[in-house]
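Below is one structure; the comments refer to it alone.
The values are calculated or read from the model by the stated rules, or taken from the named source; none is laboratory data. Remember, it's a predicted structure, so these values are computed and weren't measured experimentally. Don't worry about glycine lacking a Cβ; one is built from the backbone with ideal geometry, like all the others, and counts go over all protein chains shown.
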């Protein structure tokens, strides 16, 4: 009997991390600001900024921390209204609430991307910022979104937690807005267990974020500009904001940076293999009359580590649950977003958001039939075939054979 693939373990941490971790453990030098220069966190920031082709990067404790600091660093007022897609993880609206601001949810369509009609209707409703969550690595129409925001001078934050390595017209996701935020949590392309990083070309924004992240007194002097050099614009901004901002202490520590840095050279391979795996599985699932994987948008080159697909003609919730159960019985865990109890990606469970929850019928309908399966880049072709067979056969268990779909 073929054993179901393990889709939850991450790739092994590269051997190069071990010597640095051992050095840090022997020295006890785990705080990012102890070393006079070239602490592992500082080196990570420089390497990540170079990888993304931007001036500045700030490593922090999580992507949620990066989102929160980005909102604070923009200098938005208390109660500022921030648009987010209604399909995202609960941490995204939570970061806005943490910053004492108001999430404004917009509809998401069957392809998991922002509904531009609803976005256009809501962007003129006293919106102060837009936080685009590229949920599960699906890029919304950034050309249209950026045009609408630029015309109104509304800043864009990119939540690129799932999109490290994704391109839009050949440009790296996370570099299209005022600031981009990434995750190093274990289910992402780069795994540190926890951790995050934000990037920007704006020295004033970065200076504010650095100080608020916990660069107390003059520790901000250890943050450099491109090529690890002193940056006059950055130094001027730091001096301007000294003692003017609260310290939230969201720093990354050196051990995490030591785990992350050797994985950065692995990113291109992981993106390549993850995309190949995704597209192979998508092609096979789309042969079933009961399953549909929406295609990428034309300007988008994806970097997936999971796959999402919609159940077709599953009229009853009971049938969708039965599919979920049938797949589990065949060894593959499927999450139907809207039918998984207390799912943190179902907007109606975000009861911490102030005010009345909007109806959002398009997003609700999508979530009730949208499925999610882990698909890490390390899987082999035989493991992918196991997953494909389990999903296709689970759909047939509930809905009947392919012939039944088209009649006999």
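Taking residue 69, is it at pLDDT 95 or above, under 19 Å from the mean Cα position of the chain (by Cα) and buried (at least 20 other Cβ atoms within 10 Å of the Cβ)? Yes; evaluated as a whole, the condition is true for this residue. Just to be sure, is residue 230 surrounded by fewer than 23 Cβ atoms within 10 Å (Cβ to Cβ) and closer than 22 Å to residue 33 by Cβ? For residue 230, the condition - surrounded by fewer than 23 Cβ atoms within 10 Å (Cβ to Cβ) and closer than 22 Å to residue 33 by Cβ - is met. Among the residues of region 189-198, is there at least one that is part of a loop (DSSP other than H, G, I, E, B), buried (at least 24 other Cβ atoms within 10 Å of the Cβ), assigned by TED's automatic domain parsing to the domain that holds residue 129 and touching a strand residue (DSSP E or B) at 6+ places or on another chain (Cβ under 6 Å)? No, region 189-198 has no match at all. Taking residues in region 343-370 that are outside the structural domain of residue 293 (by TED's automatic domain parsing), and partners anywhere that are part of a helix (DSSP H, G or I), not one pair has Cβ atoms closer than 8 Å while being at least 6 places apart or on different chains.
Summed over region 309-346, residues that are part of a helix (DSSP H, G or I), over 15 Å from residue 110 (Cα atoms) and out of contact with any strand residue (DSSP E or B) (no Cβ under 6 Å at 6 or more places or on another chain) total 12.
Looking across region 9-24 at every residue that is in contact (Cβ under 8 Å) with a residue 60 or more places away in the chain and part of a helix (DSSP H, G or I), the one that is surrounded by the fewest Cβ atoms within 10 Å (Cβ to Cβ) is identified as 16. Please indicate, with yes or no, whether at least one residue in region 304-327 is outside the structural domain of residue 138 (by TED's automatic domain parsing), surrounded by 19 or more Cβ atoms within 10 Å (Cβ to Cβ), at pLDDT below 95 and over 24 Å from residue 398 (Cβ atoms). Yes, there is a match, as at least one residue in region 304-327 is outside the structural domain of residue 138 (by TED's automatic domain parsing), surrounded by 19 or more Cβ atoms within 10 Å (Cβ to Cβ), at pLDDT below 95 and over 24 Å from residue 398 (Cβ atoms). The residue that is nearest to the chain's Cα centre (by Cα), counting only those in region 25-41 that are part of a helix (DSSP H, G or I) and surrounded by fewer than 21 Cβ atoms within 10 Å (Cβ to Cβ), is 25.
Among the criteria (1) part of a helix (DSSP H, G or I); (2) in contact with a helix residue (DSSP H, G or I) (Cβ under 9 Å, 6 or more places away or on another chain); (3) surrounded by fewer than 21 Cβ atoms within 10 Å (Cβ to Cβ), the one residue 357 does not fulfil is (1). Summed over region 72-91, residues that are part of a helix (DSSP H, G or I) and crowded, with 24+ Cβ neighbours inside 10 Å total 1. Does region 248-261 contain any residue that is surrounded by fewer than 22 Cβ atoms within 10 Å (Cβ to Cβ), in the same structural domain as residue 25 (by TED's automatic domain parsing) and without any contact (Cβ under 8 Å) to a residue 40 or more places away in the chain? Yes, there is a match, as at least one residue in region 248-261 is surrounded by fewer than 22 Cβ atoms within 10 Å (Cβ to Cβ), in the same structural domain as residue 25 (by TED's automatic domain parsing) and without any contact (Cβ under 8 Å) to a residue 40 or more places away in the chain. Give me the residue from region 42-63 that is part of a helix (DSSP H, G or I) and out of contact with any strand residue (DSSP E or B) (no Cβ under 7 Å at 6 or more places or on another chain) and, out of that set, surrounded by the most Cβ atoms within 10 Å (Cβ to Cβ). Across region 42-63, the extreme among qualifying residues is 42. Put simply, of 154, 127 the only residue that is over 13 Å from the mean Cα position of the chain (by Cα), in a loop (DSSP other than H, G, I, E, B) and within 19 Å of residue 356 (Cβ to Cβ) is 127.
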